[in-house]
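> I'd like to ask some things about the structure below.
The values are calculated or read from the model by the stated rules, or taken from the named source; none is laboratory data. This is a predicted model, so every value here is computed, not measured. The accessibility values were calculated without ligands, DNA or RNA, using every heavy atom of the protein model including side chains. Shrake-Rupley method; radii C 1.70, N 1.55, O 1.52, S 1.80 Å.
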Amino acid sequence: SAIYELSCEAYKHLGKTSNYYWIDPDGSGALGPLKVYCNMTEDKVWTTVYHDLQMQTSVGGNSPEKLSVLQLNYSATMDQISAITSSAEYCEQFISYSCKMSRLLNTPEGNPYTWWVGKANEKHYYWGGSGPGIQKCACGIERNCTDPKYYCNCDADYKQWRKDSGMLSYKEHLPVSQVVVGDLDRPGSEAKVSVGPVRCQGDRNYWNAASFVTSSSYLHFSTFQGETSADISFYFKTSAADGVFLENLGNTDFIKLELKSATEVSFSFDVGNGPVEIVVRSPNPLNDDQWHRVNAERNVKQASLQVDQLPLEVRKAPTEGHTRLELYSQLYVGAAGGQRGFLGCIRSLRMNGVTLDLEERAKVTPGVKPGCSGHCTSYGMYCANGGKCVEKYNGYSCDCSKTAYDGPFCIKDVGAFFEEGMWLRYNFHSPGTSVKDLVSRTLLSSADPEITAPDLSLNREELSFSFSTTKSPCVLFYVSSYTPDFLAVLVNPTGNLQIRYNLGGTKEPYNIDIDHRNMANGQPHTVNVTRNGRDIILQLDHYPPTSYSLPATSDIQFNSPKALFLGKVIEIGKIDQDIYKYNTPGFTGCLSRVQFNQIAPLKAALRPTNASSHVHIQGELVESNCGASPLTIPPMSAATDPWHLDSASADFPYNGQAIGDGVNRNSAIIGGVIAVVIFTILCTLVFLIRYMFRHKGTYHTNEAKGAESAESADAAIMNNDPNFTETIDESKKEWLI
């Protein structure tokens, strides 16, 4: 059988990105795997389980039944969802009731007409945005209901559509399995119900850990109940060469897991047929202070042991003999019965699908500390693009502040779309700091300790960015200085890339021309330029890097850098003739993940950081992921689509997966019908107006002055009435809303 991870958190720590995954919340227990959506875009992972109830499900409309029951069928069993909610830190589920003459909770005093059924088939009489025991809707708690006498908008019993919605977030009651709607038996009573998917965040089990400080430290738990089947899994991390992980004894029976040597993990037990031992030998030391995973299983047919991704060791049980594991003592984690205990960290210890709370027990046990440090040694490699791994009490996070990237692993490009004439300037020193301080702090890359601030010049630069454009020529990137020195990256009139260095000592600036490649083709291109003294290395897209050298007479110091420009150069003093020409009309297109030494100017502009005061922008900078993929225009979302009439669903925060394309098809048809009706009315109006003005004799008094010179009746009205054009504009506006 395929081995699934226990949770979305576990997939995240394999470096996976947001997607649908199979998870198995109780290991090889009875629950079995289920498919969920894992959203990895935030620091804490969201796990989402969907159901089949359509958004805005209509109920009622003069139905004779007293109660209407809406059943929700999930893509998982209730027990599987409970396993997710119980290990999560927080769960929520959106619920909404739209009503027309249909009361909801019958506040302030009455018995509720509508309720929902949650976990364990319990009925609940509170609504989204409220909590257990409070018979109110969100508006009742926030005190902004349509009619202040009631605690729900729907309870006011209006003939117009009203709505009560919000999040249910008491996770012990989730998920919603039924909604029972009452007040529908009067003429004109109607209601619509929406329920979102269950979303849970965080995973308390995955990081539940304890550190064993001495070799006599241990935690004890109640006797392990594993008579016919045992399934034990955990992670460990140590620098010690041996130690007992856990042990549980009976009269003669026992079960035990230990680190026998730096390269051996042993699983041993006795069910009455004599001791059995399974050993996994690792080619590399296991005491390397990295996390390793152990999975031990035993049933009446066989026993197995797996460590990390090493081959599974299996031992068949004898055909005759005892099969029941009878244990009496407490379960010891760590040192047991005078043996050398495990030194280091154990986390996410699960025995037959139940995670033992090592953390809570460690808080009250001497010699054992709750939690672990040192996650970065195992997971630091997932912090990409120069992101720094930061230890946390339960886990780690990536600090992307010194990079041009964003997101939990520093792999999300931060980019922006530049319209014609837009530009961005990043000043290397902000008002109030001396040039000396700042340049030495931000520009001199930390890898270069021998450069000191006083000479305020750069011996080396590292520049990387990605761009896409269809217009040439243009200035992509420019660094100015308080001297004639500059560095520029340009696209010349033929669409080829040019890197231009002017460091003094040469008559003309030094140019690197990349001919025979049109870079203004609308595709994303990446540029990496590194200069160290005289040597320049350039890498373009996925082509191999090429090396260049500044002329022998050239200076190798970039003196007194002043500001960095993107899109256009707006600088006082003399400016290079070509750059001056390329400056108009300016760059149009996308720039992303721009980084110059330690500085990420676009990120400073788009994310409030302590460097944001250095940035000046001309025009409106619109964030875009252009560096990651070619520009495409996304389809209009339901919320912004003018023909999407079902506005009640527009407020539902996760309608992406829930709404099928049926809604959009209906909207298109309705839109078409409306357009035809409007067109017909217009034609009729025009025809009538013309008809009126044909019969001059009858309507002579109303004839417009200036009609003689006008080409037609319509023109005459417009000549005569200055407000007429405004009227047309107004009516146009109304139709376009």
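> Considering Cα pairs under 8 angstrom that are at least six residues apart, work out the relative contact order of segment 210-370 and quote it in whole percent.
Details: 432 pairs, mean separation 64.3, N = 161.
Once divided by the residue count of segment 210-370, the mean separation gives 40 percent.
> Then there is this: What fraction of the Cα pairs in segment 122-174, stated in percent, has a spacing above 12 angstrom?
Values: 846 of 1378 pairs.
Everything past 12 Å amounts to 61 percent.
> In addition: Can you pull a Stokes-Einstein diffusion coefficient for segment 77-122 at 4 °C (1.567 mPa s), Rh from Kirkwood over Cα pairs, as a whole number of µm²/s? Don't jump to the answer; show the numbers that get you there.
Values: Rh = 13.4 Å.
For these conditions, the coefficient is 97 µm²/s.
> Could you report the accessible area of K171 in Å², rounded to 10, computed with a 1.4 Å probe on the protein chains as they sit in the structure?
So the heavy atoms of K171 present about 20 Å² to solvent.
> Continuing with this model, one more query. For segment 223-341, what is the convex hull volume of the alpha-carbon atoms per residue, in Å³? Intermediate values should be presented prior to the final figure.
Working: hull volume 10.8 nm³, N = 119.
Considering the Cα atoms of segment 223-341, their hull volume per residue is 90 Å³.
> May I pose another question? Once amide H atoms are placed 1.01 Å from N in the peptide plane, what residues at a sequence separation of 5 or more from N205, or on another chain, have their amide H within under 5 Å of its amide H?
Amide H to amide H, under 5 Å and 5 or more residues apart or across chains, N205 pairs with nothing.
> Let me ask something additional. Restricting to Cα pairs below 8 Å that are 6+ residues apart, what does the relative contact order work out to for segment 464-584? Please round to a whole percent.
On the way: 250 pairs, mean separation 36.8, N = 121.
Contact order relative to length: 30 percent.
> Residue by residue through segment 215-224, which ³J(HN,Hα) values in whole Hz follow from phi under the Karplus form 6.51 cos²θ - 1.76 cosθ + 1.60 (θ = phi - 60°), with glycine and proline marked x?
Running phi through 6.51 cos²θ - 1.76 cosθ + 1.60 with θ = phi - 60° gives 6, 9, 6, 8, 10, 10, 10, 5, 3, 6 Hz.
> Would you kindly compute the Cα radius of gyration of segment 163-281 and its largest Cα-Cα separation (Dmax), both in Å?
Taking only Cα atoms of segment 163-281, I get Rg and Dmax of 25.5, 79 Å.
> Here is a follow-up. Using all Cα-Cα distances in segment 1-145, what percent lands in each 5 angstrom bin from 0 up to the longest?
All Cα pairs considered, the percentages come to 2, 8, 15, 17, 16, 13, 12, 9, 6, 3, 1, 0.
> Next question. Pairs K35/K100; K16/K388; K66/K119: which exceed 27 Å Cα-Cα? Provide the component values of the computation, followed by the final result.
Numbers: K35/K100 37 Å; K16/K388 18 Å; K66/K119 24 Å.
Too far apart for the 27 Å limit: K35/K100.
> Ordering S75, S98 from largest to smallest accessible area (1.4 angstrom probe), what's the sequence? Before the final figure, lay out each step's value.
On the way: S75 70, S98 10 Å².
Of S75, S98, the descending order of accessible area is S75, S98.
> Using a 1.4 angstrom probe with every protein chain in place, what is the largest-first accessible-area order of H616, H429?
H616, H429
> Another one. Just the projected area, averaged over all directions, of the convex hull on the alpha carbon atoms of segment 79-174: how many nm²? Please list the in-between numbers first.
Details: hull surface 24.4 nm².
Over every viewing direction, the Cα hull of segment 79-174 projects on average to 6.1 nm².
> On a 1.4 Å probe surface of the protein chains, which of Y510, Y90 comes out largest in accessible area, and what is the full order?
Values: Y510 45, Y90 80 Å².
The residues order as Y90, Y510, largest area first.
> A further question on this structure: Please give the solvent-accessible surface of I669 in Å², to the nearest 10, using a probe radius of 1.4 Å with every protein chain present.
Probe radius 1.4 Å; accessible area of I669 about 110 Å².
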